[in-house]
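**Student:** Next up is a structure, given as structure tokens.
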Amino acid sequence: EEGLRRPSEEVSSVSGLRRPGPSACGGFFLCPCRPRPESSIMQILTQLIFSGIALGMIYAVIAFGYQLTFATSDTLNFGQSDALMLGALVGLTLVGLGVNYWLMIPLVCLFGAFQGAVVERIGVRPAIKIKSEFGWIMSTIALGIIFKNVAENVWGRDDLKFPSPLPK
């Protein structure tokens, strides 16, 4: 059995289990084979905490939007997140075209108002006419799917990085 061992593996004397040596792991991010200084671990922990707070704030804004919609209309708009995504991608395109970052924000708000008017005209108003809450919910889901497909066809499926307004 000892002859079958790869040179990059070490056999633990306590358990007899094989674990990859430093050359086998390839230096993965948090590999136990690779020692890290305490400051590096604290930097990673700090980055994870701030990333978690930022992601939580995004979830809170989306939840607030659902709550606001429900409180004002007593129904849910399940296409809301897709509408927000479409607005963010329009903003990203405007910044990519050279529009000032701070001018882009009111332009995206105008786009959102136009988009909301389209949703109200196409999805909400017909559901109100026939007094169908289920129709309202289904139309917002359908419009959300349409928004998602438009975004996928125009901007693709890859992740896009939104530039920071702050200088580097």
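Each value in this text was obtained by applying a stated rule to the coordinates, not by laboratory testing. What you see is a predicted model; the values in this text were computed from it and never measured. We place every Cβ from the backbone using ideal geometry, glycine too, and count neighbours over all the protein chains shown.
**Student:** Provide the per-residue ³J(HN,Hα) series for the stretch 148-164, in order, calculated from phi with Karplus coefficients 6.51, -1.76, 1.60 and θ = phi - 60°, each as a whole number of Hz, with x at glycine and proline positions.
**Tutor:** 5, 5, 4, 4, 5, 6, 7, 9, x, 9, 6, 5, 10, 9, 7, x, 7
**Student:** Sum up the charges of everything whose Cβ sits under 15 Å from the Cβ of Leu89, counting Lys and Arg as +1 and Asp and Glu as -1, but leave Leu89 out. Write down the numbers at each step before the final one.
**Tutor:** Values: positive: Lys148, Arg157, Lys161; negative: Asp82, Glu152, Asp158, Asp159.
Result for the local shell: -1.
**Student:** Which lysines have a Cα less than 25 Å from the Cα of Lys161, not counting those fewer than 8 places away in the same chain?
**Tutor:** Lys148
**Student:** Could you pull the Rg and Dmax for the stretch 73-117, using just the Cα atoms, both in Å?
**Tutor:** When restricted to the Cα atoms of the stretch 73-117, Rg and Dmax are 12.0, 41 Å.
**Student:** Below 15 angstrom from the Cβ of Thr72, what's the summed charge of the other residues (Lys, Arg +1; Asp, Glu -1)?
**Tutor:** Details: positive: none; negative: Asp74, Glu120, Glu133.
Within the 15 Å Cβ shell, the charges total -3.
**Student:** Once the mean 1/r over all distinct Cα pairs of the stretch 98-159 is inverted, what Kirkwood radius in angstroms do you read off? Please report the intermediate quantities before stating the final value.
**Tutor:** Values: mean 1/r = 0.0743 Å⁻¹.
When all Cα pairs of the stretch 98-159 are included, the Kirkwood radius is 13.5 Å.
**Student:** Continuing with this model, one more query. What is the packing order of peptides 147-153, 125-131, taking the mean over residues of other C-beta atoms within 10 Å and listing the highest first? Working shown, then result.
**Tutor:** Values: 147-153: 14.0, 125-131: 11.7.
Result, highest mean Cβ count within 10 Å first: 147-153, 125-131.
**Student:** Right, something else. Each residue of the stretch 66-77 in order: what ³J(HN,Hα) in whole Hz does its phi give by Karplus 6.51 cos²θ - 1.76 cosθ + 1.60, θ = phi - 60°, with x for Gly and Pro?
**Tutor:** After applying 6.51 cos²θ - 1.76 cosθ + 1.60, I find 4, 5, 5, 4, 5, 5, 8, 10, 6, 8, 10, 10 Hz.
**Student:** For the stretch 63-168, calculate the relative contact order in percent as a whole number, restricting contacts to Cα pairs under 8 Å that are 6 or more residues apart.
**Tutor:** Details: 71 pairs, mean separation 37.3, N = 106.
The normalised contact order for the stretch 63-168 reaches 35 percent.
**Student:** Could I ask something else about it? Grab the Cα-Cα distance for Ile141 and Leu55, subtract it from 0.36 nm times how many residues apart they are, and report the gain in nm with one decimal. Display every interim value, and only then the final one.
**Tutor:** Values: separation 86, 0.36 × 86 = 30.96 nm, distance 2.38 nm.
Value of the extension gain: 28.6 nm.
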